[in-house]
Amino acid sequence: MEKPAFETDCCAVNVVLGEEKKGHLIPNGNGHQAGVNGSLIGGTDGAGCGATPGTMSSVEKPVPGYPEREQWTRQMDFIMSCVGFAVGLGNVWRFPYLCYKNGGGVFLIPYLIIGVVGGIPIFFLEIALGQFMKAGSINVWNIAPLFKGLGYASMVIVFFCNTYYIMVLAWAFYYFIKSFNATLPWSTCDNPWNTPSCIEIFHHEDCLNGTIGNTTYGNMTCEELADGRSPIIEFWENKVLNISQGLDYPGSINWELLLCLAAVWVMVYFCVWKGVKSTGKIVYFTATFPYVVLIILLVRGVTLPGAYDGIMYYIKPDWSKLGEAQVWIDAGTQIFFSYAIGLGALTALGSYNRFNNDCYKDAFMLALINSGTSFFAGFVVFAILGFMANEQGVDISQVAETGPGLAFIAYPKAVTLMPMPPVWAALFFFMLLVLGLDSQFVGVEGFVTGILDLFPGKYYMRYKREISVAICCLMCFIIDLSMVTQVSHRRLMGMYVFQLFDYYSASGMTLLWQAFWECIVVSWVYGADRFMDDIARMIGYRPFPWMKWCWSFITPCVCMGIFLFHLFNYKPLTYNNTYVYPWWGEVIGWCMALMSMLCIPVSVLYKLCRATGTFKERWEKLTKPQWGPHHLEYMAPDTDIKSLASLSASTEDNKVIIFESGM
């Protein structure tokens, strides 16, 4: 249930300390004083500083030499970082792949509906929560300490995501290197990895018109041409992936992919090791450059024969698909995956904002950019797929296998059709690399921020961040070795491991479970109205009530509904609808999923069992917010929330006031 903003029979409030500061003195929305509905977190530990719960009698000064929390140099740094993180390979790879899988344009309908009732409200909640609490994904849940397991769960999810997501970057880097050839290796059929079925140019129109009839073209008849395979698909499956017989055939290391993987991790490390001051500058390039290349590819794509059919397949809905539950499940999981919800990284990025930054407008703008990029990238992909279907003489739904490799099939085909293909190939895969890099290093930033927030000032050391980032990257790299492992006859099992991570650890049910509990804790434990007041302190006005309704009712129902349907209709994981994973592979996958999902109930039970008193006393004590010293600057008595509009950040006589309450 929603907690009251403060016990009305409490107390006298005494001003014990005042210090001149620049910034707003913002009360809570009910006119209640700060300090009586939570305990103050000192600079050293997470316990309240007063003798009794709710007392805010002093602020423990941070350890000398311990740096204050960083802030973005400019607010645009935050915007570009969020764009770089949320707009990633999921927009140009996963979204078109799900449209392709679910019948084209009909997928946009559940995608937009769930985005409005689920994606945007939680996206805003996470950014606002980080900005209000000034903490990473773990300490941000000091707003309701009993549910701090939400922070640990998000850390597990983002760790797994950081681990497997970088393999897509390694593949992109591999293609980037192979682009520096006079002839692109995926444009011809005279390579060692090609099969007799490989065809560079399809002649289905000649077969249909009777031009070559039953005669042969090259060494193939018209019947054999129908079963031909593009050199692009063969390069991806036979050269890059070397798909093996299954998950249970490990072997030696694929050194080419290993070197690409190591190079990408080195790039990530040097993007992250100095914190937001450096990442905030890098994303100006990594977040904008991909749009330039996508526009160029779209212009070229729409001029190709068959592009119109591909685009119509994309935007023309197949209404019968709306009755299939899987379409709605995929739309929900894509929203959460694309918006990076539940990973804790958005919370970490928001924590570096100024306290009075208007995160409400930021959230809507970022959500629009995110979904708009997905929609735009779909036109690029389907224009190329339409051309490939026209060239091969087959239906668009059969032109390529659905899966993560779609971006490595459709896009490489586009660049081979342009003048000077190696130049365009290098440009495109460099774009794909930077598109994923900003998502990757912001994910690592979110993980490292959460870890460092666990160690207060007394554990400060000069190179703590650099060492923490290095350990994180090294741990993920070691796990990634399983994704670059060969088997006998030079076949790679890594794709099976990759899909195991993608299916279980950091998408689907884990993100839905995480989002459900975030809404429940903020709305019913801390209080939706109370949090709306907190947001009003920061941005100067109350958001539209739709947000509160979504957090309290609509979004939890949507999340839990999709979660339960996903659970009840669970099907064993397969690869390309042919290979079924062994039972022990599914066990490993469920263990990865449960590692994050169980963090929430286990931590709640552990804290309740360790506390003393009746259940009601334990609950009240463990759900009492633990405020940080920065909150005192923005909480003043006897001021109504309606007066926020008249406050100015430049007022010289603003004061920081700390309150002491006595029962």
Within region 135-175, the residues that are β-branched (V, I, T) and closer than 16 Å to A340 by Cβ are V140, V156, I157, V158, T163, I166, V168
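Conditions (1) within 29 Å of I282 (Cβ to Cβ); (2) of a type in the set (V, I, T); (3) modelled with pLDDT under 75; (4) open to solvent by 70 Å² or more (accessible area, probe 1.4 Å), marked per residue:
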{"site": "G54", "(1), (2), (3), (4)": "no, no, yes, no"}
{"site": "S57", "(1), (2), (3), (4)": "no, no, yes, no"}
{"site": "E60", "(1), (2), (3), (4)": "no, no, yes, yes"}
{"site": "V63", "(1), (2), (3), (4)": "no, yes, yes, no"}
{"site": "T73", "(1), (2), (3), (4)": "yes, yes, yes, yes"}
{"site": "F78", "(1), (2), (3), (4)": "yes, no, no, no"}
{"site": "V83", "(1), (2), (3), (4)": "yes, yes, no, no"}
Could you go through region 501-512 and let me know if any residue there is part of a helix (DSSP H, G or I), under 29 Å from N357 (Cβ atoms), open to solvent by 10 Å² or more (accessible area, probe 1.4 Å) and not polar (S, T, N, Q).
no
Looking for something closer than 28 Å to I471 by Cα, modelled with pLDDT of 85 or more and open to solvent by 50 Å² or more (accessible area, probe 1.4 Å) - is there at least one such residue anywhere in region 170-181? yes
Going residue by residue through region 569-580, is there one that turns out to be over 30 Å from W171 (Cα atoms) and out of contact with any Phe, Trp or Tyr (no Cβ under 7 Å at 6 or more places or on another chain)? yes
Within region 136-163, of all residues that are assigned to a loop (DSSP other than H, G, I, E, B) and within 13 Å of E445 (Cα to Cα), the one modelled with the lowest pLDDT is G136
F337 vs (1) farther than 23 Å from D453 by Cβ; (2) at pLDDT 85 or above: all pass except (2)
- Message: Against the definition (at pLDDT 90 or above, open to solvent by 80 Å² or more (accessible area, probe 1.4 Å) and within 30 Å of F498 (Cβ to Cβ)), how does V602 come out, yes or no?
- Response: yes
Scanning for something open to solvent by less than 20 Å² (accessible area, probe 1.4 Å), closer than 23 Å to F337 by Cα and in contact (Cβ under 8 Å) with a residue 12 or more places away in the chain, does region 615-623 turn up at least one residue?
no
Residues of region 413-436 being among the small types (G, A, S) and modelled with pLDDT under 80, in sequence order, are A414
Of the residues in region 290-345, those that are in a loop (DSSP other than H, G, I, E, B) and either surrounded by fewer than 18 Cβ atoms within 10 Å (Cβ to Cβ) or among the β-branched types (V, I, T) (or both) come to V302, T303, P305, K316, P317, D318, E324, I341
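The values are calculated or read from the model by the stated rules, or taken from the named source; none is laboratory data. Everything numeric in this text was worked out from a predicted model, so none of it was measured. All Cβ positions, even for glycine, are placed from backbone atoms using ideal geometry, and neighbour counts span all protein chains on display. Side chains are part of the model used for accessible areas, which takes the heavy atoms of the whole protein and leaves out ligands, DNA and RNA. Shrake-Rupley method; radii C 1.70, N 1.55, O 1.52, S 1.80 Å.
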